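See below for the structure under consideration.
The values are calculated or read from the model by the stated rules, or taken from the named source; none is laboratory data. The shown structure was predicted, so the numbers you read here are calculated from the model rather than taken from an experiment. As a convention, Cβ positions derive from the backbone with ideal geometry for all residues, glycine included, and neighbour counts pool all protein chains shown.
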Amino acid sequence: MGGTVDVAITRAVPPTLLRCELLFREREPIDLERAVAQHSAYVALLRGLALDVIELPADSALPDSCFVEDVAVVLDELAILTMPGATSRRGEIPAVERTLARFRPLARVELPATLEGGDVLRVGRTLYVGRSPRTNDAGIERLRALAEPLGYRVLPVTVTGCLHLKSAVTALDDARIVTNRAWIDDAPLRDRERVEVAPEEPAAANVLAVNGVVVVHPGFSRTRDRIAALGYDVRPLDISEFLKAEAALTCKSLVFRRQLAITPA
């Protein structure tokens, strides 16, 4: 019989996380021990949601390497290795490439194009891609060239107030999104039903929706309540130390479906 299982690729927290790239946030102390504990809780939650978690080792030479989402975009048919806009992050690609090669054919984004996975939001067969400090027009066109022949629609979204598109909008499912409209030009998203973040929680738009559960940072309680009121199964998960690194819930994993081999009945 055939079927699918969920896979999540994660990467351990490097001891150099304190030297992570920052663009929109002021640097503040990160409690490394607490960050490691929060990452362990994140991995445990994914496993509790029936995901097959593949944990890559930490690399102290790559301070942002636990944010694996940015170095690949995984579609049903293809995994696209990105070209991070931050030069310091390009060394993160090989470890993720070796792992993804087990599951998908691979394609690449090459300079002068830049593209980071945090700028790519998939909703059904639509890929919203942020035009951001880390993703340029050439990166968007490379994504379009790879994805549209496979039946995806690629829609650019201008990002103004944050690092990545998914800092400002993520999907609850194929119908609803959570969004902070102050940080993006949301015209391409107007056909989606929206949950607006609470005004006092501008960073709350990044949630992780997987296997019927929506994971939310507990510090964003008002936005969490808005999502729960719509009937979603909402689970809190503290990522306070990663918020200091200008990261969020989706940044810390690559989640995708894997086809199982067909075996005799």
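Tabulated data for the structure shown
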quantity	calculated
Positions within region 114-133 being closer than 21 Å to Leu208 by Cβ and either in contact (Cβ under 8 Å) with a residue 60 or more places away in the chain or touching a Lys or Arg at 6+ places or on another chain (Cβ under 6 Å) (or both), in sequence order	Glu116, Gly117, Gly118, Leu121, Val123, Thr126, Tyr128
Filtered residues of region 64-77 (kept if surrounded by 16 or more Cβ atoms within 10 Å (Cβ to Cβ), charged (D, E, K, R) and out of contact with any strand residue (DSSP E or B) (no Cβ under 7 Å at 6 or more places or on another chain))	Asp64, Asp70
From Ala113, Ala147, residue being surrounded by fewer than 22 Cβ atoms within 10 Å (Cβ to Cβ), modelled with pLDDT of 95 or more and of a type outside the set (S, T, N, Q)	Ala113
Test: Leu165 is in contact with a strand residue (DSSP E or B) (Cβ under 8 Å, 6 or more places away or on another chain), buried (at least 18 other Cβ atoms within 10 Å of the Cβ) and farther than 25 Å from Ile54 by Cα	yes
Close pairs from region 102-113: first under 11 Å from Met83 (Cα atoms), partner polar (S, T, N, Q) and surrounded by 14 or more Cβ atoms within 10 Å (Cβ to Cβ), Cβ under 7 Å, at least 6 apart	Val109/Thr82; Ala113/Asn136
Hey, Ala35 modelled with pLDDT of 95 or more, small (Gly, Ala, Ser) and over 22 Å from Leu143 (Cα atoms) or not	yes
Qualifying residue in region 44-63 (condition: farther than 23 Å from Ser240 by Cβ, at pLDDT 95 or above, of a type outside the set (A, V, I, L, M, F, W, C) and exposed (fewer than 13 other Cβ atoms within 10 Å of the Cβ))	yes
Unique residue being closer than 21 Å to Gly151 by Cα and touching a helix residue (DSSP H, G or I) at 6+ places or on another chain (Cβ under 7 Å) when the list is Leu81, Leu62	Leu81
Some residue of region 25-39 being closer than 24 Å to Ala209 by Cβ and touching a Lys or Arg at 6+ places or on another chain (Cβ under 8 Å)	yes
